[in-house]
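Colleague: Here you go, one structure.
The values are calculated or read from the model by the stated rules, or taken from the named source; none is laboratory data. It should be emphasised that the depicted structure is a prediction, and the values quoted were computed from it without experimental measurement. For neighbour counting, all protein chains shown are included, and Cβ atoms are generated from backbone atoms with ideal geometry for every residue, glycine included. Protein only, heavy atoms only, side chains kept; ligands, DNA and RNA dropped before computing areas. Shrake-Rupley method; radii C 1.70, N 1.55, O 1.52, S 1.80 Å.
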Amino acid sequence: MAVVRPTPADPTPGVLAPAHASGDQRSIPPELGAESIAVLNGPTFMYSEPSGDVPPGSIGGLVHLDTRLLSGWVLTVNGQRLLVLRSQILQPYSAQFALASPELPGLPANGLGFRRLRYIGDGFHERVELVSYQPELVRIELRLAAAADFADLFEVKSGVRDRSAHITRRHTPDQLCFTYAADGFSAETRVCSSRPADRVEGDELVWELELHQREEWFVDLDVPLPPGLGVVESVRGDIADVVHGRVPDPFRHWMAERALLHSDSQALERTMHRTGQDIASLRLELEVKGQRILLPGAGLPWFLSVFGRDTLLTAYHTLVAGPSMARGALLALARLQGDRCDDFTDEEPGKILHEVRSGELTRTGLKPYGPYYGTADATQLWLVLLSEYWRWTRDDDLVRSLRDNAMAALDWMDHYGDRDGDGYVEYATRSPEGLGNQCWRDSPNGVVFHDGRIPVLPIATSDIQGYGYDAKLRLAELADGPLNDPALARRLRADAARLYDQFNRDFWIEERGGFYAVGLDGDKNRIDSKTSNMGHLLWSGIVPPERADRVVRQLMAEDSFSGWGIRTLSREDALFNSLGYHHGTVWPHDNSLAVLGLTRYGYRAEANRISLALIEVAEQFGYRLPEALSGYPRERLLFAVPYPTACSPQAWASATPLALARAMLNLNPVDGRLVFDPDIPPEIGRIAVDRLRAFGQSWDLEAVGRKGYVRLSAD
């Protein structure tokens, strides 16, 4: 009988998929529509239609710590839903909906005006206001229908199992209470009303109202959030004061402390402001050893949690705005670093996690996400971030306090990560619930051959080797510095030199113009598709200078560069698809690493071309970059098209403009000095940065074209 070998599409052959398997992320546009409204704060979000409604059965609702507390939230007047005039997010945690009544028997369209105010702080809060414009007395029935299915977020992506047999209801005129308990997991949703309803029908609050001309009425609805991981400090107050910005909140406090960018380019300046808002809204606050720390969650709606790769790259980019996110990410991930071997969670000693979840499937042990360690690159990226944080802060004490974690990470790279002792870090899951691909291209077919074949496991991808090379050189720098271990520094530089030579021998493909394979498969065959991973190699510095020109030409050729950015897969490859998740889409974070790499090797015009394109993309989407774009050529469609189910905001996409600005300035901390070599495109004009934090001091800088200055700030 033929032996079936594991591949990323079937990483554990012969093992049946569990009945609770959640499936892949939906590949069709969300049924809430392109204009859907999401408000969020830390690990909590409310995702609705533009009316503010959440129709039962949709992907919308109120989600806290990966559990959906509200799966339905529909407001009607005389049995009809309201007309949308306009709805808008005011702050990432608040929104306003302007609505009107539809045409009803005895009531013309727009006879009643409605406003919904909504925010997430210490709970979910909504105010419904209405006013009558009719000259005669109006009698109406206002009805709020709520539902709570307590779905795990993994199920919301694919299919929600029926929990109704385990949900109890205790409703009163001023409160709807849903309680779920099964298999040791419990959750509760309470909808509290400031005005008792005239009656309760099923899961609906019903008010019978009589309104004279211009008479106003309102009701406040509150859903308390259960305690747990998440936002420790949160905005509180009257809902109108919060929504209109009349209440101080930690969100604005964090925004006020970051570096500020000013530019002649309104698009860049507004994009950077939106970046600050989005990263602040995605922040998680944890307590580690009695100290409160900040770190970025990954993205809305699927990834509002602690991640490895996403959190680390986001934190890396945010260092130019301030060190707090990077410090928090280092400490939080060090606290959760692997310390044993566990096949179900892919945990190994020294390994940095992939993802943490808090929903029912994880808490009851059906999913391995408490935390899950199936990533082969987060450990190296943790070391890269540790080095970059130290370069910006010279915080010797933190580096020394994390020495054991750094050494454990190094040991993982050299032993557990390098499964066969060939010098490369490979991946293959041991878990029936594990990820088949454990690099950033982590969809089941994210790594493929030129002809479309899926490789056998274990796989060593090129980006992972680049990160490892960079990590060892950076750790050597720390060993020469705060760790005071010259012997370790010498060993690490020798290891890096061997990896450099070996990688450039084994991964280089001379055919098709010369390029780097995306990886080596389980038989050490070169996986010969052309991918955007080559941009990561430039960022890591593992490309010899004499090959850089050919790599850059590959990345900027028409088959790879769409006009909006570098595609994940070349149009020359068999599985190319402009809507393929890793088969031809354009990912801003992926391009941000390429831009930094191009700048590192001196290809400033190419870096600026990508940067300007991405800033234009952000301008098209309310100054926010989505997680991924479709790979359609710019000259064909003329405008950018988002990937159908792209997360927005997504932390590393939101942080991308920080990397683009850094590349234009070529700004780097070197031996306790700020060094920069600007090349600002004429389309951007001037860039000025105030209150840039480095080495425990505040700096101001300004640049136009290829000239600029940097100086200590007055404060």
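Colleague: Per the Cauchy relation, a quarter of the hull surface: what is the mean projected area of the convex hull of the alpha carbons in the chain, in nm²?
Modeller: For the chain, the mean projected area of the Cα convex hull comes to 32.5 nm².
Colleague: Take Val131, project a point 7 Å from its Cα along the Cβ direction, then tell me which residues of the stretch 76-118 have their backbone nitrogen under 15 Å from it.
Modeller: Answer for this model: 97-101, 110-117.
Colleague: Among 580-592, 346-358, 154-166, 128-140, what's the highest-first ranking by average C-beta atoms within 10 angstrom per residue?
Modeller: Working: 580-592: 26.4, 346-358: 23.4, 154-166: 14.7, 128-140: 16.5.
My ranking of the peptides, most packed first, is 580-592, 346-358, 128-140, 154-166.
Colleague: For a quick protection proxy, order the peptides 379-386, 302-309, 549-556 by their average other-Cβ count within 10 Å, most packed first.
Modeller: Details: 379-386: 27.6, 302-309: 24.8, 549-556: 19.5.
The most tightly packed comes first, giving 379-386, 302-309, 549-556.
Colleague: In deg cm²/dmol, rounded to 500, what helix-only [θ] at 222 nm does the chain give when every DSSP H run of at least 4 residues adds -39500 (n - 2.57) and the total is split over its residues?
Modeller: So the calculated ellipticity at 222 nm is -8000 deg cm²/dmol.
Colleague: Now for a different question. Below 27 Å Cα-Cα, how many Lys pairs turn up in the chain? Only count pairs eight or more apart in sequence, or on different chains, if you could.
Modeller: Lysine pairs, 8 or more places apart or on different chains, close enough: 7.
Colleague: If a/c stays under 1.5 just call it rounded; otherwise compare a/b with b/c (prolate if a/b is bigger, oblate if not). Do that for the stretch 507-635, with a ≥ b ≥ c from the square roots of the Cα gyration tensor eigenvalues.
Modeller: It comes out oblate by the Cα gyration axes.
Colleague: Between rounded, prolate and oblate, where does the stretch 374-482 land on the alpha carbon gyration tensor, with a ≥ b ≥ c its root eigenvalues, rounded for a/c under 1.5, else prolate if a/b exceeds b/c?
Modeller: prolate
Colleague: Starting with the highest mean, order 636-649, 43-56 by the number of other Cβ atoms within 10 Å, averaged over the residues of each peptide.
Modeller: Numbers: 636-649: 17.8, 43-56: 22.4.
So the order, starting with the most tightly packed, is 43-56, 636-649.
Colleague: Oh, and also: Summing +1 for each Lys or Arg and -1 for each Asp or Glu, what net charge is found among the other residues whose Cβ lies under 14 Å from the Cβ of Ser194?
Modeller: Working: positive: Arg127, Arg190, Arg195; negative: Glu126, Glu129, Asp174, Asp220, Asp222, Asp238.
Computed value for this residue: -3.
Colleague: Can you tell me the accessible area per residue over the stretch 563-715, all protein chains present, probe 1.4 angstrom, in square angstrom?
Modeller: 36
Colleague: Just tell me, in residue order, which DSSP H segments of the chain are both 15 angstrom or longer along the helix axis (alpha-carbon based) and at least -1.0 in mean Kyte-Doolittle hydropathy.
Modeller: 266-281, 324-335, 378-393, 462-480, 486-506, 545-556, 588-600, 604-620
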